[in-house]
Every structure is written in structure tokens, then in C-alpha cells.
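The values are calculated or read from the model by the stated rules, or taken from the named source; none is laboratory data. Keep in mind the model is a prediction, meaning the values are calculated, not measured. Glycine also receives a Cβ, built like all others from the backbone with ideal geometry; neighbour counts cover every protein chain displayed.
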Amino acid sequence: MVAKESDLVQLPDGRQMPAAEYNERLALLSKPFTSDEIEKLPKQVRKNDDDRGKCEQGSRYSADGFYCGGWHARSMHLDYVGHAGITDRLNAVDPLWHWEPFALSTAGTPLLSDGGMWARMTVLGVTRIGFGDPGRNSGPNAIKETIGDFIRNAAMRFGVGTYLWSKSEAAAAKKIAEEDHDVELTQQRPPQQQPQQQPPSVDWQQSLIDARGDADRLAALRAMAGRAGAPPHYMAAVDAAIQECTPIEGTVTNA
Ligand SMILES: [Zn+2]
């Protein structure tokens with residue numbers, strides 16, 4: 001039965017609010033951010049690229065024609081909303097939103113495992129799981145970055161900024177795959193060894209990340225994973241990535 005706008009909705013945590021207000025709050029979760037809330041995050045095109053320099057007009061350190069003024073290796077610039085912007089959005093949607101780590105260390109601090117922190121985020125009474133890691137930060141900054149990264153990651157499970165990530169990441173993955181391919185051609189590498197000869201310790205998750213955005217690589221990965229007897233959830237993830245591979249809007253245009 002369709003709820004009337006004036007009907008009260010009961011949230012899983014027992015709160016009640018008019019259906020119209022509840023729907024507004026839900027819609028606010030996935031509302032696009034304004035351009036002044038969006039930052040640019042450089043994402044390196046090649047993994048092991050020690051050639052860094054200032055990202056300024058005409059410089060080769062930008063792979064997409066956006067010049068951030070930072071100092072980095074040749075990079076794409078991802079659209080990005082920092083955890084402060086995400087937090088503002090969560091506060092607007094539900095001032096009672098909160099998060100808590102999965103587990104605590106013996107010192108009573110959030111337990112770090114798998115290179116980061118698993119935690120739960122609750123918004124409008126609904127709890128979803130997320131993970132944060134410190135990226136390249138160390139020391140106290142690593143903890144703060146881990147929390148910020150978790151907030152971004154978990155908020156995405158509620159639809160916050162999802163469109164930014166999918167579009168921006170897909171564009172970056174495509175560019176990265178293209179430039180990787182160019183490097184392989186110029187270096188005239190011998191053909192890759194047969195998948196059957198690869199060690200069993202192949203990092204499937206990383207392979208999927210690396211192949212993301214490249215239909216050919218994904219198809220090859222799918223075949224390889226099928227032969228290796230990968231579990232259904234992995235195959236489903238590969239299929240989803242293949243699905244995502246359809247041409248995206250607003251493709252990056254640059255020389
Ligand atoms: Zn830059």
C-alpha cells in the first residue's frame with residue numbers, strides 16, 4: 001500500500017516522521033553536490049611512476065587537461081567530495097546519524113584490521129557496513145584519514161556521492177588502461193604468460209581493480225576466473241564491472 005504524504009513512517013530505531021519528510025531526507029542522500037563542494041583528487045595513471053612534477057598548465061603531469069597545481073606523477077583528476085562535505089550531508093539528512101567500529105582493541109580504541117578499520121554507519125535508523133584505510137598517511141594522520149575514508153565509503157552505501165565515484169573512477173580506469181596499453185606497445189613486451197602458468201596466489205581482487213573499465217581485460221579475467229573455479233560472488237563482481245564498462249557520459253577529452 002502506498003503511504004500518503006501525511007502518514008507517519010516509523011524508522012527502524014523507533015523514530016517517527018511524516019512520509020513526505022522521510023522521502024525528502026532519503027532524496028537528499030543521493031542529491032548531487034554543487035561544484036564548489038567538489039574537489040579534485042589526482043589519481044596516478046601508472047602505478048610505479050617516479051617522475052613527479054608540478055601539475056600546471058600544459059604540464060605532462062596531468063593526463064586529463066585539469067591542472068590542480070599539486071606535485072604528482074602523471075595523473076587523472078577524480079571528482080571527489082571530502083569527508084567534511086560528506087559529514088555535512090549526513091548531518092542534513094539525519095542529525096542523529098552515527099558510526100561505530102566493529103571491534104575495539106584492548107586499549108578501548110577502534111580495532112584496526114585488514115589494513116584499516118571496519119565499522120558500521122547508521123543513518124535514519126538503517127545500519128550499513130563500511131571500511132576505511134589510511135591511504136599513504138602515517139602516524140596520527142593515518143587514523144584521521146582512516147575515519148574520513150570510512151565515512152566516505154560507508155556513506156556511499158547510502159547513496160551519498162555514488163554518481164561521482166562511478167563516473168569519475170570509470171573515466172580514470174579507462175584512461176589508465178589505455179595508457180598502460182600504450183606503454184606495453186612501446187616497450188614491445190613479450191606476450192603475457194598463459195594464465196594456467198600463473199601461481200595460485202594470484203590476487204583476484206587486485207586483478208579486478210586493475211581491469212576495471214577495460215572490457216577486453218575484464219573478459220579475459222572472467223575466463224581466467226572461470227577456469228580457476230572462482231566463487232560465484234567474484235564472478236558476479238566481474239560481471240558487474242563488465243556491465244559498468246559501457247561507454248560513460250562526459251568522457252574525458254584531452255590531447
Ligand atoms: Zn594535478
Revision key, fill the gap. Note: among G130, G82, G125, just one is at pLDDT below 95, surrounded by 13 or more Cβ atoms within 10 Å (Cβ to Cβ) and not basic (K, R), namely G82
Review point. Does segment 63-77 contain any residue that is basic (K, R), away from the ligand (no atom under 16 Å from the Cβ) and surrounded by 15 or more Cβ atoms within 10 Å (Cβ to Cβ)?
Key: no
Review point. Pairs under 7 Å by beta carbon, first residue more than 17 Å from I176 (Cβ to Cβ) and free of Cβ contacts under 8 Å to residues at least 12 places away in the same chain in segment 48-66, partner in a loop (DSSP other than H, G, I, E, B) and near the ligand (Cβ under 8 Å from one of its atoms), six or more apart or different chains?
Key: Q57/Y67; S59/Y67
Practice item. For A171, state whether it is within 16 Å of the ligand (Cβ to nearest atom) and either in a helix (DSSP H, G or I) or over 22 Å from K43 (Cβ atoms) (or both). Key: yes
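Would you check if there is a residue in segment 91-99 being within 22 Å of the chain's Cα centre (by Cα), at pLDDT 95 or above, among the β-branched types (V, I, T) and on the phi < 0 side of the Ramachandran plot?
Yes, segment 91-99 contains at least one residue that is within 22 Å of the chain's Cα centre (by Cα), at pLDDT 95 or above, among the β-branched types (V, I, T) and on the phi < 0 side of the Ramachandran plot.
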Check your understanding: Can you name every residue in segment 21-51 that is of a type in the set (A, V, I, L, M) and loosely packed, with under 14 Cβ neighbours inside 10 Å?
Key -> A27
Study note, to complete from the structure: Scanning segment 4-47 residue by residue, the ones that are polar (S, T, N, Q) and in contact (Cβ under 8 Å) with a residue 60 or more places away in the chain total 1
